[in-house]
Structures are given as structure tokens and as C-alpha cells.
1. Give me the Kirkwood hydrodynamic radius of the chain, using the inverse of the mean 1/r over all pairs of distinct Cα atoms, in Å to one decimal.
2. Run the numbers for V67 and L133: contour at 0.36 nm per residue of separation, minus the present Cα-Cα distance, in nm.
3. Run the numbers for E88 and L159: contour at 0.36 nm per residue of separation, minus the present Cα-Cα distance, in nm.
4. With the contact rule set at Cα under 8 Å and sequence spacing of 6 or more, what percent relative contact order holds for the chain?
5. Excluding E96 itself, calculate the net charge of residues whose Cβ lies under 10 Å from the Cβ of E96, where each Lys or Arg counts +1 and each Asp or Glu counts -1.
6. To the nearest 500 deg cm²/dmol, what mean residue ellipticity at 222 nm is calculated for the chain from DSSP H runs of n ≥ 4 alone, each contributing -39,500 (n - 2.57), summed and divided by the residues?
Amino acid sequence: MMADAPKYVNLNSGVMIHAQPPQSMRFDQGFPSSLEFQFLADEGKGDRPTACVCTPGTNLELDGKLVTQHIIQSKAPTFPADQWVQIEAEVRGNDEVIHRVNGVEVLRYQRPQLDPRNHISPATDLLDAGADLQLGSGHIALQAEGQPVWFRKIELRRLGK
């Protein structure tokens, strides 16, 4: 971990889906408006499930209810830092996103959307520029917070309709 990095970044990385285009980001913006499939590893301090979703500049729905909290926990276990973990994000446009870890579903949510209520968030810039509130597509961003991270065997597959 970088010496000046905050403690929460330790063994913390992820893949951001429905991410805003990099050209639209502010120079001082830490993260793109997106949905982060968060990868966490064991720090030896208790449970730390991987495959949560973090929502910089976004919201989502769970069971038909709008959720505005920044981190939604998954049902995944805590993994040691030296263990490879297979993750899968099944993204069905704006309809549904499913997180799987080692082939097991650990989180499912619907209707990802930009957060229009947070006027500090870059999502309001996107909305002011004419972006749709509902996120049905976007970029994919690999994310590391303050330390090296390794990704391997990244595959993209088009899903049937």
C-alpha cells in the first residue's frame, strides 16, 4: 500500500461497470460515476466480504426499492489476500446486475441510475449535459486503491436477449 494512502484502501480494488466516459471526468474527480464490483481481501480483523457494490455518483434498486447508501454488502465470504477468486458480473443493461463469486450468486440488484440528489457528485454534471438518469450501458474500468492489484483472465461475453 502507498505510504500516504488511507487505511480503507488496503486490499481493496474492483471493476467499475456502467462507468462514465473518462473524457467526461473532472480533473480532480477520484472515481467515475459507476457501480463498483468491489474486491476486498482479509486483513485479519474479522469478516470482510468481497463482491459488495459501491455507488460513486449512482444509486440502484433492491427488490423494487431505491437504495441510496454508498456500499451494499454481498453474501460472499472473506478471502485471504493470496488466493485467486473468480468473479463474474452479469450485467443486463438497466434491468439487472448479478454478482457471482466462484460461481455462486452473492448479490443481485436492479435499475442502476445516476444520483441526481447529490450536487457534489459528478453525476449531476452528466445529467446537466443530457445523460439519461437510468444507466443501461457504459464503460468498464479496472480499479485499484492505493496498492498494486493483479487481474488475470478477463473475459467479456455478449449475453443473449
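1. Working: mean 1/r = 0.0612 Å⁻¹.
The answer is 16.3 Å.
2. On the way: separation 66, 0.36 × 66 = 23.76 nm, distance 1.46 nm.
Extra length available between V67 and L133 comes to 22.3 nm.
3. Working: separation 71, 0.36 × 71 = 25.56 nm, distance 1.28 nm.
Residue separation times 0.36 nm, minus the Cα-Cα distance, leaves 24.3 nm.
4. Details: 330 pairs, mean separation 42.2, N = 161.
Across the chain, relative contact order equals 26 percent.
5. Working: positive: R92, R108, R111; negative: E61, E90, D95.
Every neighbour counted, the sum reads 0.
6. Numbers: 1 runs with 6 residues, N = 161.
That comes out to -1000 deg cm²/dmol.
Every number in this text was worked out from the coordinates using simple rules, so none of it is lab data. Not measured: the values here are computed from a predicted model. In this analysis, Cβ positions are derived from the backbone assuming ideal geometry, glycine residues included, and neighbour counts consider all displayed protein chains.
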